[in-house]
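Notes follow once the structure below has been shown.
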Amino acid sequence: MNKEQVIELISNKTRLIRVEKGYSQEKMAEIIGISKKTLVQIEKGRTLAGWTNTVAVCALFRDSEVLQSVLGDEPLEVIETIAHNNVDRPKSKSMGGKVWWKEIAKKGEFRLQQNMISQHYRILDDEHVRWFSTFDLEEATSRLNELTSRGGNYK
């Protein structure tokens, strides 16, 4: 998944997200910081939202079931991973990946998971803290090996 794909996905789902939240076009446009006219154009498929608006929608409506159905349980993780090309630092605690994730590998205290919707990879520790995210399996596997080869001196 890349920026263009996410922009297209979110643009195509903007109306559903708005309806899910019960907002008028005026209110939705105000929340994400665009004109009503622009929102109408996005909802009608005449134009795509920009990256900034896509990020705003993912941040402001991260609990949306519509968003979660197209990006997985943590839309901001997908956005952050795309924006930075990967995320390589201990991050927020997750729910552990029981619904949207399949386990690829487990080594020591760490496990490598793949999101079944966005297809990106992440490494969690036993406390469900996210240590790394990327769309590159080889990079994720390498980082998993690095973390587990430190003999517990990673924190």
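Looking only at the stretch 52-63, residues that are surrounded by fewer than 21 Cβ atoms within 10 Å (Cβ to Cβ), under 26 Å from residue 131 (Cβ atoms) and not aliphatic (A, V, I, L, M) come to 2 in all.
Scan the stretch 43-57 and tell me whether some residue there is assigned to a loop (DSSP other than H, G, I, E, B), among the basic types (Lys, Arg) and not assigned by TED's automatic domain parsing to the domain that holds residue 137. Yes, some residue in the stretch 43-57 is assigned to a loop (DSSP other than H, G, I, E, B), among the basic types (Lys, Arg) and not assigned by TED's automatic domain parsing to the domain that holds residue 137. Quick check: is even one residue across the stretch 78-87 surrounded by fewer than 17 Cβ atoms within 10 Å (Cβ to Cβ), of a type in the set (A, V, I, L, M, F, W, C) and over 21 Å from residue 128 (Cβ atoms)? Checked the stretch 78-87: at least one residue is surrounded by fewer than 17 Cβ atoms within 10 Å (Cβ to Cβ), of a type in the set (A, V, I, L, M, F, W, C) and over 21 Å from residue 128 (Cβ atoms). Scanning the stretch 10-24 for residues that are surrounded by fewer than 17 Cβ atoms within 10 Å (Cβ to Cβ) and part of a helix (DSSP H, G or I) yields 12, 16, 19, 20, 21.
The values are calculated or read from the model by the stated rules, or taken from the named source; none is laboratory data. Predicted model only: the values in this text are computed from it and were never measured. Every residue, glycine among them, receives a Cβ derived from its backbone with ideal geometry; neighbour counts consider all protein chains shown.
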